[in-house]
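S.K.: Here you go, one structure.
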Amino acid sequence: MSLHKRHTLSATALILATLGLTACGNKDAAPAASGEVTIKIGHAAPLTGPQAHLGKDNENGAVMAIDELNSRGVTLGGNKVKFVLISEDDQADPKAGTTVAQKFVDQKVNGVVGHLNSGTTIPASRIYSDAGIPQISGSATNPTYTQQGFKTTFRVFANDVHQGQALAQFATQSLKAKTIAIVDDRTAYGQGLADEFKKAAEAAGARIVAQEFTTDKATDFKAILTKIKASNPDILFFSAMDAQGGPALKQARELGLKATFLIGDGGCTPEFIKLAGNAAEGQYCSLPGVPLEKMPGGTVFKEKYKQRYNQQIQLYAPYVYDAVMVMADAMQRANSADPTKYLPEVSKAQYQGVTAKIEFDAKGDLSVPAVSIYQDKGGDWNFVETLGVTAAAPAKK
Amino acid sequence: MTTQPLLLVSHVCKAFGGVQALKDVSITLKRGEIYGLIGPNGAGKTTLFNCLTGLYVPDSGQFVFDDKPLVCNAPDKTVRQGIARTFQNIRLFANMTALENVMVGRHARLRSNVLSDILRTPFNRREEQATKDQALQLMRYVGIAHRAHDLAKHLSYGDQRRLEVARALATHPKLLCLDEPAAGMNANETAGLRQLIETIRADGISVLLIEHDVQLVMGLCDRVAVLDYGELICEDIPAVVQQHPRVIEAYLGSGAHA
Amino acid sequence: MKMAGRFLARLRNPNGSSMHWVAWVVLGVLLATMPWIIGASFGNTWLRILNFALLYVMLALGLNIVVGFAGLLDMGYIAFYAVGAYLWALLASPQFGLHWPLWAILPLGAAVAGLFGVLLGAPTLKLRGDYLAIVTLGFGEIIRIFLNNLNAPVNITNGPQGISAIDPVHFGSVSLARPIDLGFTTLPSLVAYYYLFLVAALLIIAIALRLESSRVGRAWAAIREDEVAAKACGINTRNVKLLAFAMGATFGGVAGGLFAGFQQFVSPESFGLLESVMVLCMVVLGGMGHIPGVILGALLLTLLPEFFRHIAAPLQQSLFGKVFVDPESLRMLLFGLALVLVMRYRPSGLWPSPQRRREIDDVLNTDAPADLPVNPT
Amino acid sequence: MDIFLQQIINGLVLGSIYALVALGYTMVYGILGLINFAHGEVVMVGALVAYSIMTALLPTGMPPVLLALLALLVAAPVCMGLAWAIERYAYRPLRHAPKLAPLISAIGVSILLQNLAMMIWGRSYHSFPDILPAITYDINGAHISLLQVVTIALAALTMAVLAWLIQRTSLGQAMRATAENPAIAELMGIPVNRIITLTFIIGAALAALAGLMVGANYSVAHYYMGFMLGLKAFTAAVLGGIGNITGAMLGGLLLGLIESLGAGYIADLTGGFLGSHYQDIFAFLVLIGVLVFRPGGLMGERVSERA
């Protein structure tokens, strides 16, 4: 019952927000009027460096959520509250990540969304946990994050285990692959995803005929691709970012390697198609969650984002948006922004976000994570299918 | 003092590519002697020095010093055995003080190690103080004590030569090898140098001297060996060497007629 | 800087005046109260930054032994930091289920890092400065690549995922990760770490100072100045060079261990080539071979980027209404420029060792002839 | 067999590029005894300038080959000017400074150029346009594209011209004299400074060509591409014997083959214990091996103990 009610509420909020968006688009709004309580939400992502565009995208998502909450007018414990976003640059560097985390704790933020990378999220999570501040990441995919035994860690994004399983499921069932080659870029992301994919694919009866490695700075993949060609796989799963995946696909075709190309969320970008050129046609990528168009309010969000920032969503903005919303929802249910009071409510969340229905398992991962597969047709990623992963995978040691 | 020679060089050969820099050179140096090594440019004098002090490995032949064979290719061991040297073109530690230069010379004779250096044990402190005192004393000995705290590179040419000698003496050698110490010195400085070398010998250190200044060599050395194209022409007291026909031909020839 | 120099001179000069011990007391009080002042006025963020700065001071002093003292350009220095950090991570984390105490791991980390220093040094002994630079760079990368890949076939380092849930620094049951109750007051975790790092840094400074003015320090300087002459002075250049690598690596290992205990997470990305270059910048810009200069370099290069973060973007925003250059790139750009300019105009760094003053000792003034000193050994 | 042949082709293409870059290192080292750490960044600038020109002119509908030629005509002078400036302002004032100074300055230049390039071209990977039609020849199942044939041929031609320039012309003679002994060359009336500048400039022109080749063959260009490439090319130069022109070419080709075959066969050779994750360490291992066991490289003199 209450579930239905909340659903309606958020849908109404979305519509309201859409209407009121142009009116209150400024994030540096005037200081809170007297009587208003300020709720500080910390947001951390690399805002400079090679991943700045992704970090900025995350920030945009958070800003949209904050503005929407403020325009909706939330009251907690009888006081009207105002949400403020404190956005910090963690440079995708573990060291800077902890510095930023410390800063949030110093400033007594009520909650944190982020960080973007697993490498920063994990060391920072300890600091939040020590301070009892809830943390919701919308993009860190490393399973370890939620497996450290902290009560404050949540994630509104399918982790590597989920995504690896979904990709493997797609490869073995939908594409009926018997032989698979894997390349990973030896980053925490690439290697983590590749390992989960491998486990799941082997469990599903496929044979891994080649496993090769590259780096996140490489441009020449011909040696490893030639080796892969010798094993003649049905599918090549390339576990890396778009900057490597695009050129690698192109080089694979030059060598006459005909395997179907599969890449994770790091390659599910327009950039990948640009770099791979014609070779991208017909190849597949995966992205956690359900396509925005299929979600209630999703298309609206997409349009709003485009209207406001005059660009397409890069990758994780909707997830970060949901992260903020889930946090605010928990505060409302607890009727308090005090971390100790609303933290239990976060774990009990049943929130219909723009990316998924958000419910957490015991560790803080999505209990019903979904992963969608897309295919390049005519230079755009087109939705193919959504794979529900039934249950969170068992913890890696 | 035993009658055994201090240094026995026997049948040393050394070639660089096709050039035979030393051909079967054998010389003997007695204890307490000032021994001159002369020869025209490229005669192999410095090569012999470098073989002797362990910078080069001779192709064949051997050195016996103080009744023990010298280890080749280990300059630090040579120093420990008691041979010290200076260089033809002065090689000081330019950015260290003069005093520190001399203290470095004591290196092989000190017993403290990293651990005692870090802990500053009483032994270490005593040794450091002693090292400093000895270095200062040596600088006084060669007559440049007043420049102890100047950087080596700021010393005058003559003082740098003296500093190099002090540094070599600091290794507590039995044999001091000087490679053209008078090069570039004026008559005054040369006279001072001569005096210094004689004092050193008087203090019981043998000296092996490479020098171009024939007058200095003939006046100073007890015995002289002459090298030409890597070959030993003769080895005798200056008076005899000066009369040797091949020496006159090979080396003194032009000078004698001038 | 001039004031700092004067202050320093006062610290050094034992027979200066009563100001001597006053200066020490002032410095001591300053260092002891620093975390409280900073914590109170700027927040724990800056305290954390200060802790990292202390780690970099240790690293820079370690590299200074190799580069500044012995004149061996090592561009893979961060590898030793990595060795120390990973050793701690492996021996005090759930990775192997080991939880060794500090007094066991830290010396072991130092020793293993020192051993790696020797291993790296041994094949490179005969190389000239510039070759040495490239070979050490290669060694550093090789170590990083191995750390990144040693998760299969046997999982040792956990690969690119890094090792998390590392034990914090603890003494018995007292963990520095939690506030420590001292009875009269509570010591916040970051302050406790500050004191620990300060003690470690002071210890390393003391060791570096003592090494500099010792038998081995002179030997290093001699090698740096002229290797052939050093040999002719009876210095076993091979051993002395290896010793420099080992000592430098040891400091790196200690700093690495403390880093792992402090951060409680290590992954190979913290030990890239850029970090080596960074530490080298600290040594070179501060003043190669001059300990106070190197400390200054380390502090400057850890603190300045943080100021940049707070200033560069907002400043551009207000000036141009747009951020043209993000602080991270600006920082690297300035480092590059600084390296070129410093080499050209101040090759001995921002704070080089003062020109050795001529201390004319009374004893020295007498130019009387002396006897050849008698050798005690 | 076709796989082996394919790896050889991959290695030859990579090796030709290494060789071109290695020449820049070796010429400068031969004359100044300086490792021009920033040379890799010059290659990167060449690639990115070529990329900019080509994408700017793409809409004109010019044939891609012409585009590439135009791009090279712009990129080469840019690189040459850059090399001139680097030599003039970062190296020349330090010619008599302590031995570490020019090297540290070179590292500084390298960092500086990388970050400047990042500001100009951004951090993203740029997709390099195709400059030749995608014609592929099949040799026993191995693929070799027209572009690869042209790359290898062009590199060979360039190197032949360079060899002729150095061995047969008066400029080459002056360069060799300067390399032998700058002081005496000066006395003989050779304008040593000008020769040094020229050496840098010729190396930069080769770097621009190499940059274009990297972009065309691997279809990407970005600000960070020069560093690793430079390091590996330097390794190639050392492998061949630094200071030796023929050695640099040989070393480049050899390193290309080693990397390609290494990545392809290391897993088989070590029974799966080591895999292609260790691809990047081959260059370093070769470098260390050569310097330790054969310091003169394959064709060079002994360099390690030259004081």
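S.K.: Return the residues of region D:6-25 that are among the hydrophobic types (A, V, I, L, M, F, W, C) and either over 14 Å from the mean Cα position of the chain (by Cα) or within 14 Å of chain A (Cβ to nearest Cβ) (or both); say none if nothing qualifies.
M.R.: Answer for region D:6-25, where residues must be among the hydrophobic types (A, V, I, L, M, F, W, C) and either over 14 Å from the mean Cα position of the chain (by Cα) or within 14 Å of chain A (Cβ to nearest Cβ) (or both): D:Ile8, D:Ile9, D:Leu12, D:Val13, D:Leu14, D:Ile17, D:Val21.
S.K.: Also: Find the residue count for region C:132-145, including only residues that are more than 7 Å from chain D (Cβ to nearest Cβ) and among the small types (Gly, Ala, Ser).
M.R.: 1
S.K.: Here is a further query. Would you mind telling me which numbered condition in (1) touching a strand residue (DSSP E or B) at 6+ places or on another chain (Cβ under 6 Å); (2) buried (at least 24 other Cβ atoms within 10 Å of the Cβ); (3) not acidic (Asp, Glu) C:His99 fails?
M.R.: (2)
S.K.: Among the listed residues A:Gly364, A:Gly353, which satisfies the condition of being at positive phi and touching a helix residue (DSSP H, G or I) at 6+ places or on another chain (Cβ under 9 Å)?
M.R.: A:Gly364
S.K.: Is one or more of the residues making up region D:78-94 closer than 30 Å to D:Ser276 by Cα and either small (Gly, Ala, Ser) or modelled with pLDDT under 90 (or both)?
M.R.: Checked against the condition, which is being closer than 30 Å to D:Ser276 by Cα and either small (Gly, Ala, Ser) or modelled with pLDDT under 90 (or both), region D:78-94 yields no hits at all.
S.K.: When you go through A:Gln102, A:Gln135, A:Gln147 one by one, which is the residue that is surrounded by fewer than 24 Cβ atoms within 10 Å (Cβ to Cβ), out of contact with any Asp or Glu (no Cβ under 7 Å at 6 or more places or on another chain) and closer than 24 Å to A:Val371 by Cα?
M.R.: Of A:Gln102, A:Gln135, A:Gln147, the one residue that is surrounded by fewer than 24 Cβ atoms within 10 Å (Cβ to Cβ), out of contact with any Asp or Glu (no Cβ under 7 Å at 6 or more places or on another chain) and closer than 24 Å to A:Val371 by Cα is A:Gln147.
S.K.: Could I ask something else about it? From the list C:Gly117, C:Gly129, which residue is more than 16 Å from C:Leu258 (Cα to Cα), in contact (Cβ under 8 Å) with a residue 40 or more places away in the chain and more than 14 Å from chain D (Cβ to nearest Cβ)?
M.R.: Sole residue among the options that is more than 16 Å from C:Leu258 (Cα to Cα), in contact (Cβ under 8 Å) with a residue 40 or more places away in the chain and more than 14 Å from chain D (Cβ to nearest Cβ): C:Gly117.
S.K.: Are any residues in region A:209-234 more than 9 Å from every other protein chain (Cβ to nearest Cβ) and either out of contact with any helix residue (DSSP H, G or I) (no Cβ under 9 Å at 6 or more places or on another chain) or closer than 30 Å to C:Phe265 by Cβ (or both), and if so, which ones?
M.R.: Result: A:Asp216, A:Ser231, A:Asn232, A:Pro233.
S.K.: Which helices (runs of 4 or more DSSP H) does region C:166-250 wholly contain that include 1 or more residues that are closer than 24 Å to C:Gly289 by Cβ and over 24 Å from the mean Cα position of the chain (by Cα)? Steps first, answer last, please.
M.R.: Details: elements: C:189-212, C:215-225, C:227-232.
So the answer is C:227-232.
S.K.: Would you please name the residue that is farthest from A:Thr355 (Cα to Cα), looking only at residues in region A:59-113 that are free of Cβ contacts under 8 Å to residues at least 40 places away in the same chain and more than 14 Å from chain C (Cβ to nearest Cβ)?
M.R.: Checked region A:59-113; the qualifying residue farthest from A:Thr355 (Cα to Cα) is A:Gly78.
S.K.: Can you tell me which residue in region C:152-180 is farthest from the other protein chains (Cβ to nearest Cβ), limited to those that are more than 20 Å from C:Phe262 (Cβ to Cβ) and surrounded by fewer than 18 Cβ atoms within 10 Å (Cβ to Cβ)?
M.R.: So, considering only residues that are more than 20 Å from C:Phe262 (Cβ to Cβ) and surrounded by fewer than 18 Cβ atoms within 10 Å (Cβ to Cβ), the one farthest from the other protein chains (Cβ to nearest Cβ) is C:Ile156.
S.K.: From the list B:Ala130, B:Ala145, B:Ala98, B:Ala135, pick out the single residue that is under 22 Å from B:Leu193 (Cα atoms) and facing chain C (nearest Cβ under 8 Å).
M.R.: One residue alone meets the criteria, B:Ala145.
S.K.: Another question about this same structure. I'd like to know if region B:170-190 contains one or more residues that are within 14 Å of chain C (Cβ to nearest Cβ), free of Cβ contacts under 8 Å to residues at least 40 places away in the same chain, out of contact with any Lys or Arg (no Cβ under 6 Å at 6 or more places or on another chain) and not in a helix (DSSP H, G or I).
M.R.: So in region B:170-190, the residues within 14 Å of chain C (Cβ to nearest Cβ) come out as B:170-179.
Subsequent filtering for residues that are free of Cβ contacts under 8 Å to residues at least 40 places away in the same chain retains none.
Among the residues of region B:170-190, not one is within 14 Å of chain C (Cβ to nearest Cβ), free of Cβ contacts under 8 Å to residues at least 40 places away in the same chain, out of contact with any Lys or Arg (no Cβ under 6 Å at 6 or more places or on another chain) and not in a helix (DSSP H, G or I), which makes the answer no.
S.K.: Out of D:Ala216, D:Ala183, D:Ala208, which single residue is more than 18 Å from the chain's Cα centre (by Cα) and either away from chain A (no Cβ under 14 Å) or outside any strand (DSSP E or B) (or both)?
M.R.: Going through D:Ala216, D:Ala183, D:Ala208 in turn, just one is more than 18 Å from the chain's Cα centre (by Cα) and either away from chain A (no Cβ under 14 Å) or outside any strand (DSSP E or B) (or both): D:Ala183.
S.K.: Quick one: in region A:192-208, which of the residues that are more than 19 Å from A:Lys227 (Cα to Cα) and in contact (Cβ under 8 Å) with a residue 40 or more places away in the chain is farthest from the other protein chains (Cβ to nearest Cβ)?
M.R.: A:Phe197
S.K.: Restricting attention to region D:260-281, which residues are assigned to a helix (DSSP H, G or I) and more than 7 Å from every other protein chain (Cβ to nearest Cβ)?
M.R.: D:Leu261, D:Gly262, D:Tyr265, D:Ile266, D:Ala267, D:Asp268, D:Leu269
S.K.: Run down A:Gly264, A:Gly297, A:Gly289 and say which single residue is in contact (Cβ under 8 Å) with a residue 12 or more places away in the chain and surrounded by fewer than 23 Cβ atoms within 10 Å (Cβ to Cβ). Full working, then the answer.
M.R.: Numbers: A:Gly264 fails: surrounded by fewer than 23 Cβ atoms within 10 Å (Cβ to Cβ); A:Gly289 fails: surrounded by fewer than 23 Cβ atoms within 10 Å (Cβ to Cβ).
The unique qualifying residue is A:Gly297.
S.K.: If only one of D:Ala97, D:Ala101 is within 7 Å of chain C (Cβ to nearest Cβ), modelled with pLDDT under 90, assigned to a helix (DSSP H, G or I) and over 19 Å from D:Ala71 (Cα atoms), which one is it?
M.R.: Exactly one of D:Ala97, D:Ala101 is within 7 Å of chain C (Cβ to nearest Cβ), modelled with pLDDT under 90, assigned to a helix (DSSP H, G or I) and over 19 Å from D:Ala71 (Cα atoms), namely D:Ala101.
S.K.: May I pose another question? Looking at D:Pro129 and the list (1) under 17 Å from D:Met54 (Cβ atoms); (2) more than 8 Å from every other protein chain (Cβ to nearest Cβ); (3) under 21 Å from the mean Cα position of the chain (by Cα), which single condition is not satisfied?
M.R.: Going through the list (1) under 17 Å from D:Met54 (Cβ atoms); (2) more than 8 Å from every other protein chain (Cβ to nearest Cβ); (3) under 21 Å from the mean Cα position of the chain (by Cα), D:Pro129 breaks only (3).
S.K.: Give just the number: which of (1) touching a residue at least 40 places away in the same chain (Cβ under 8 Å); (2) surrounded by 19 or more Cβ atoms within 10 Å (Cβ to Cβ) does D:Ser124 not satisfy?
M.R.: (2)
S.K.: Give D:Val49, D:Val28, D:Val43 a once-over and let me know the one that is under 17 Å from D:Ile196 (Cα atoms), crowded, with 23+ Cβ neighbours inside 10 Å and more than 11 Å from every other protein chain (Cβ to nearest Cβ).
M.R.: Answer to the selection: D:Val28.
S.K.: Given the residues C:Val57, C:Val26, C:Val66, which is the only one that is closer than 20 Å to A:Thr98 by Cα, more than 14 Å from chain A (Cβ to nearest Cβ) and of a type in the set (A, V, I, L, M, F, W, C)?
M.R.: C:Val57
S.K.: Continuing with this model, one more query. Does region A:180-190 contain at least one residue that is more than 30 Å from A:Tyr351 (Cβ to Cβ), touching a residue at least 60 places away in the same chain (Cβ under 8 Å) and in contact with a helix residue (DSSP H, G or I) (Cβ under 6 Å, 6 or more places away or on another chain)?
M.R.: The initial filter retains those residues of region A:180-190 that are more than 30 Å from A:Tyr351 (Cβ to Cβ), namely A:180-187, A:190.
Among the residues that remain, those that are also touching a residue at least 60 places away in the same chain (Cβ under 8 Å) are: A:181, A:183, A:190.
Still in the running and in contact with a helix residue (DSSP H, G or I) (Cβ under 6 Å, 6 or more places away or on another chain): A:181.
Within region A:180-190, one or more residues are more than 30 Å from A:Tyr351 (Cβ to Cβ), touching a residue at least 60 places away in the same chain (Cβ under 8 Å) and in contact with a helix residue (DSSP H, G or I) (Cβ under 6 Å, 6 or more places away or on another chain).
S.K.: Related question: Among the residues of region A:278-304, write down those that are under 30 Å from D:Ala134 (Cα atoms) and of a type in the set (Ser, Thr, Tyr).
M.R.: The answer is A:Tyr284, A:Ser286.
S.K.: Is it true that some residue in region B:59-71 is at the interface with another protein chain (Cβ under 7 Å from one of its Cβ atoms) and either surrounded by fewer than 18 Cβ atoms within 10 Å (Cβ to Cβ) or farther than 22 Å from B:Gln195 by Cβ (or both)? I'd like the intermediate steps shown before the answer.
M.R.: Let us first name the residues in region B:59-71 that are at the interface with another protein chain (Cβ under 7 Å from one of its Cβ atoms), namely none.
No: zero hits.
S.K.: So, one more: Quick check, is B:Val102 in the same structural domain as B:Ile144 (by TED's automatic domain parsing) and outside any strand (DSSP E or B)?
M.R.: When the stated conditions are applied, B:Val102 passes them.
S.K.: In region C:189-223, which residue that is within 14 Å of chain B (Cβ to nearest Cβ) and in contact with a Phe, Trp or Tyr (Cβ under 7 Å, 6 or more places away or on another chain) is farthest from C:Ile37 (Cα to Cα)?
M.R.: C:Ala222
The values are calculated or read from the model by the stated rules, or taken from the named source; none is laboratory data. Every value quoted in this text rests on a predicted model; they were computed, and no experiment measured them. Cβ: placed from backbone, ideal geometry, glycine included. Neighbour counts: every protein chain shown.
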